[in-house]
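Okay, so here's the structure we're looking at.
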Amino acid sequence: MRIGVVTFPGSLDDRDAARAIRLAGAEPVALWHGEHDLHGVDALVLPGGFSYGDYLRCGAIASLSPIMAEVIGAANSGMPVLGICNGFQMLTEAHLLEGGLIRNDHGSFICRDQGLRVENALTDWTGGFAAGQEITIPLKNGEGGFIASAETLERLEGEDRVVVRYVGVNPNGSLNDIAGISNARGNVVGLMPHPEHAVEPGFGPDTADAMRSGTDGITFFTSVIERMLVSA
Amino acid sequence: MTAVTTTPSRGIADTVAHAISTPEKEQPFDALGLTPGEYAEIRQILGRRPTSGELAMYSVMWSEHCSYKSSKKYLRQFGEKVSPAMKKNLMVGMGENAGVLDVGEGWAVTFKIESHNHPSYIEPFQGAATGVGGIVRDIISMGARPVAVMDALRFGDIDDPDTARVVHGVVSGISFYGNCLGLPNIGGETWFDRVYQGNPLVNALSVGVLRHEDLHLANATGAGNQVVLFGARTGGDGIGGASILASDTFSEGGPTKRPAVQVGDPFAEKVLIECCLELYREKLVEGIQDLGAAGISCATSELASNGDGGMFIELDKVLLRDPTLTAEEILMSESQERMMAVVTPEKLAGFLAVTAKWDVETSVLGEVTDTGRLVIDWHGEEIVNVDPRTVAVDGPVYDRPVAYPAWQDALQADSASALPRPTDAATLREQFLALLGSPNLADPSWITDQYDRYVMGNTALSFPDDAGMIRIDEESGLGFVIATDANGRYCQLDPYRGAQLALAEAHRNVAVTGAVPVGISDCLNFGSPENPEVMWQFSQTVDGLADGCLALEIPVTGGNVSFYNQTGDQPIHPTPVVAVLGVIDDVARRVPSGWQDDGHNIYLLGV
Amino acid sequence: MPTIVVEVMPKAELLDPQGKAVAGALGRLGKTRFTSVRLGKRFEITVDGHVDDAVLAEVQELADSVLSNSVIEDVVGIHVLEAPAGETH
Amino acid sequence: MPTIVVEVMPKAELLDPQGKAVAGALGRLGKTRFTSVRLGKRFEITVDGHVDDAVLAEVQELADSVLSNSVIEDVVGIHVLEAPAGETH
Ligand SMILES: Nc1ncnc2c1ncn2[C@@H]1O[C@H](COP(=O)(O)OP(=O)(O)O)[C@@H](O)[C@H]1O
């Protein structure tokens, strides 16, 4: 099982995403933004960071990269694609996901251990969760406020395409507490929080049991591996 | 963007030949911060008057900031008060861009703390941001991958109307630059005190890791090797001094309004980091020097001084953001996110391929020579011809007057025992609440929540622990620990002991995590060295630190001196920020601060 | 060289937290007659050569596809700058 | 309600990383005739009541002190919007 991680100029969490894929049991494949080649991977992760400095709009310049043409094609033909934070922003800029992400309502970057509720456990990336399950994974962003028109929001809610929702605190003013959404088919998922930072005991968020021991994020990666094994 | 490098209309350069033929020309050395004595010394070194370009270089390189002319005499102790044990793990000591320590298993760690105080008062956001950018470039120039940052901050009175501007600007600047570089922020300090009102302290620290074989020193050796400038284009940033030169020399154009502030571009720096690491990995460079204060003046003269020959540069090959810059301005510009490399001719094509891959603009400026001279041409005419060591190494050294402060005894005599000691519950309660509500004891998470502590996935300790810890090796769990501390009020009372207390606190904060302290870096923030009482505080501080390091047997690997921190003639408290670095065999065995489990016993250790 | 200005604003019906924050700051300064603020972007694009209809059409297309995200923003103006702001200083 | 537009640009002599990044993106799209891009801000301020000289003076003062940072930015324009952009959609 090979999962590609695309590095754009300014990507930051690409190595972390690769580590998470490895810990989940698949082979991470490093992909370069400037190529038109997905190297035959089975799934894709667009990692977090500040591609092109997040100038213009977050993810906007990266969404024009050569590899994005391939990503869009693969996503439309059903390949599982996960966009994390900056990756989520790219997916909205590429119109693979609806809505947009804007400056946090409080105006500052925020890094915190974030409570989330998994609303849809049927997507390619959340199959290992139970619907309604509450998890904690790190969140870190300056422009994570999810916005969409009223009709788009209604459609996303009605079609069960809100994948995860913030619980406890809404850290950035996202409408309907939305932390992540999917496309209609459920293969493309965008998340503001960072599951790849909650995959290894000792380096994740604090839990009631022990500091930095949270590993709730690994399930996003094991989910997609399982889904691909089933469909293989 | 297309390169427009036309000859500036008012940039008719003052050539060496012209300098020889016009020995009596008056030069604005005082406006550039040089004393009459220093100017005379430059004339004597050169055997003629300096060209305006040479004057620009000497003035910035002989500034207190670059030359350490008031502190050099004292800092020598750090190299002298050493035991063999202190040298054991020291791969690179003071004097290089950053010190390097062997931490075992073939790994090395490099770290340094540096001030960006004055720029952060003028424009807090950009000042603090570029402070982070500058220290990170020092780390890259050693061949290391930067893996963490920290920030030690001092602000004025929290109730002063100007403090919010500075605090929020500085914190968001550090947050913006550090987060965008993808470096976890693993700790720091925040302190409010009126003495820092007109002069906040912004000390930024960065740590990098490297394999032993990847260690690089920035020096220009090997005649024929190419000198390459890469990264951002050169603009008119931070070159107030050069506009004085330009206006004095070429009155018809008038002085240009050049901003003193620099705008940082963390994205450009992130790309530069990855580009430099690929250049090192592919063995395409001999050495890389970062451009910080004094820009090209500093990089060329330092690279040449640290090498064994000379250097020839064609300054008009520098890619410009602003085509109206004069030669002097280009020499002094402090534009951020630039690096200078020395590359062998055979590897130049490979080098250029890597910078092209990362979309990093690059220009070959010249080459290493065997002349022993640093020669700089501007459109075919020689405008600089100096012995680089006279610019970068053998600058003036001062033995400034030192005086025991007139107020010191009275300050010490006025001890806490003179304060009233309330015993009634109501007053005690009131005082306790006042303490809890004081900004210096308050929860700093509103700051630390703006910093990414997760990126890279190796952060083993960070806020709220008293030290930050990073895993170096994913297999073995080898890691480093780092803490910074300083207490300006203790140092005001007794700078010798105050410095040792800062050292001891940082040392303890590292040791209690389970790590072994192995080295320190320091940032010495003081008032004006021309004030003998400040100079006394400084000398005591360095004595205290050097003696403390000898007692603890850990070396000083590098650091930074920041003088002239004062409002009017009121200096800040002496504030030596000490960073102690430790090593831990396996970060899984770390000991975090705070109660971990119910039922554990509590002990109080020490005296 | 001529300069073309492109103006982009957040869609009127969507949240604009930055504009709201500015309006809040004005309110705290007692400037209550300014009832709302919206914050958008202003691009100054320098063109090598003459600006003709073809160039303007190209800029319009870039404004819609790159300089703005049509899901959340509107292009509210495109015009040629007579005296480039950058050159007046 | 009338709307006043305030335009703020980064100072011409300072680096504008945002504009640089956009110019780079245009270059990669083959749009090489656009030699440089600078990216500033555009505020739309809604005024309760009539806009007279006093109001404009107040906005000018706010533009200099609150809406821009004079160390790194210039206010390049203040004008009243005839047909408020926000209301055309
Ligand atoms: N400016 C800062 N940047 C990063 N971390 C900071 C900063 N200020 C404080 N911290 C962190 O906040 C925590 C508490 O700091 P502090 O109150 O100074 O601790 P203590 O009082 O125990 O010395 C520490 O983890 C410290 O590293």
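All of the numbers you see were taken from the coordinates with simple rules; none came from a lab. Bear in mind that the values here come from a model prediction, so they are computed numbers and not experimental data. Glycine also receives a Cβ, built like all others from the backbone with ideal geometry; neighbour counts cover every protein chain displayed.
Overview of results
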| read-out | value |
| --- | --- |
| Volume of the Cα convex hull of the stretch A:2-231, divided per residue and given in Å³ | 109 |
| Radius of gyration and Dmax over the Cα atoms of the stretch A:147-232, both given in Å | 15.1, 43 |
| Sites matching GluC sites (Glu not before Pro) across the stretch C:1-67 that sit in DSSP coil, with at most 12 neighbouring C-beta atoms within 10 Å | C:E13 |
| At R0 = 35 Å, FRET efficiency that the Cβ-Cβ distance of A:E157 and A:A208 yields, to 0.05 | 0.65 |
| Aspartates and glutamates with Cα under 12 Å of D:K41, excluding same-chain neighbours fewer than 8 positions away | C:E7, C:E44, D:E7, D:E73, D:D74 |
| For q = 0.09, 0.12, 0.22 Å⁻¹, Debye-computed log10 I/I(0) when each Cα of the stretch B:303-439 counts as one equal scatterer | -0.56, -0.67, -1.41 |
| Dipole-positive endmost among B:V368, B:H116, B:A164 within chain B (Cβ charges, Cα centre) | B:V368 |
| Proximal charge balance of B:L348 [Cβ under 12 Å; K/R count +1, D/E count -1] | -2 |
| Ellipticity estimate at 222 nm from DSSP helix runs (n ≥ 4, -39,500 (n - 2.57)) divided over chain C, nearest 500 | -7500 deg cm²/dmol |
| Shielding by partners, peptide C:64-74 (average Cβ within 10 angstrom, other chains) | 6 |
| Counting DSSP beta bridges with both ends in the protein assembly as shown, the antiparallel % (nearest 5) | 80 |
| Semi-axis lengths, Å, chain D, gyration tensor of Cα atoms, sqrt of 5 times eigenvalues | 30, 18, 8 |
| Order by protection proxy (mean Cβ within 10 Å, highest first), peptides A:65-72, B:184-191 | B:184-191, A:65-72 |
| The stretch A:74-123 and the stretch D:18-53: distance between their alpha carbon centers, rounded to Å | 26 |
| Convex hull volume per residue in cubic angstrom - Cα atoms of the stretch A:77-152 | 120 |
| Coarse-grained scattering of the stretch B:372-453 at q = 0.16, 0.20, 0.26 Å⁻¹, given as base-10 log I(q)/I(0) from a Debye sum over alpha-carbon atoms | -0.90, -1.02, -1.21 |
| At R0 = 22 Å, FRET efficiency that the Cβ-Cβ distance of C:E58 and A:H36 yields, to 0.05 | 0.35 |
| Pairwise label distance in nanometres, B:D160 with B:A413, each label 7 Å out on the Cα-Cβ vector | 3.0 |
| Amide H partners (placed H, <5 Å) of A:S174, local residues excluded | A:F146 |
| Taking the C-alpha atoms of the stretch B:82-192, convex hull volume expressed per residue in Å³ | 120 |
| Rotational relation D to C, axis-closest Cβ in chain D, residue and distance rounded to whole Å | D:R42, 2 |
| Percent antiparallel among DSSP beta bridges (both partners in chain B, rounded to 5) | 80 |
| From the C-alpha gyration tensor of the stretch B:61-126, square roots of 5λ in Å | 28, 19, 9 |
| Farthest positive-ward along chain D dipole, Cα basis, beta-carbon charges - from D:F34, D:I78, D:Q60 | D:F34 |
| J(HN,Hα) series, the stretch A:215-230, from Karplus relation 6.51 cos²θ - 1.76 cosθ + 1.60, nearest Hz, glycine and proline x | 10, 4, x, 4, 4, 4, 7, 5, 4, 5, 5, 4, 4, 6, 5, 5 |
| Shortest-first distances to equivalent copies, position C:D52, nm, label 7 Å out along Cβ | 5.0 |
| Per-residue average of Cβ from other chains inside 10 Å of C:26-36 | 4 |
| Neighbourhood net charge (12 Å Cβ-Cβ; Lys/Arg +1, Asp/Glu -1) for B:R154 | -2 |
| Antiparallel content of DSSP bridges confined to chain A, in %, to 5 | 55 |
| Share of pairwise Cα separations in chain B, more than 44 Å, in percent | 18 |
| Among A:L97, A:L122, A:L64, residue whose mean-square fluctuation peaks in a GNM of chain A (springs only between Cα atoms under 10 Å) | A:L64 |
| Calculated label separations, D:G27, copies of the chain, 7 Å along the beta-carbon direction, nm | 4.4 |
| Inter-site label distance for C:V80 and A:R185 at 7 Å from Cα along Cβ, in nm | 4.7 |
| Charge dipole (debye, nearest 20) of the stretch A:2-231; +1 at Cβ of Lys and Arg, -1 at Cβ of Asp and Glu | 180 |
| √(5λ) per eigenvalue of the Cα gyration tensor, the stretch A:23-157, largest first, Å | 23, 20, 16 |
| Principal axis box of the protein assembly as shown, alpha-carbon based, largest edge first, Å | 81, 80, 66 |
| Spatial separation of Cα centroids for the stretch B:99-155 and the stretch B:552-582, in angstrom | 14 |
| Loop-located GluC sites (Glu not before Pro) in the stretch B:518-607 whose Cβ has at most 11 other Cβ within 10 Å (DSSP) | none |
| Residue (of A:A69, A:H197, A:G186) at the positive-pole extreme of the stretch A:2-231, dipole from beta-carbon charges | A:H197 |
| Inter-label distance for B:S476 and B:E381, nm, one decimal - labels placed 7 Å from Cα along Cα-to-Cβ | 5.9 |
| Mean residue ellipticity (222 nm) of chain A, computed from DSSP H runs ≥ 4 via -39,500 (n - 2.57), nearest 500 | -7000 deg cm²/dmol |
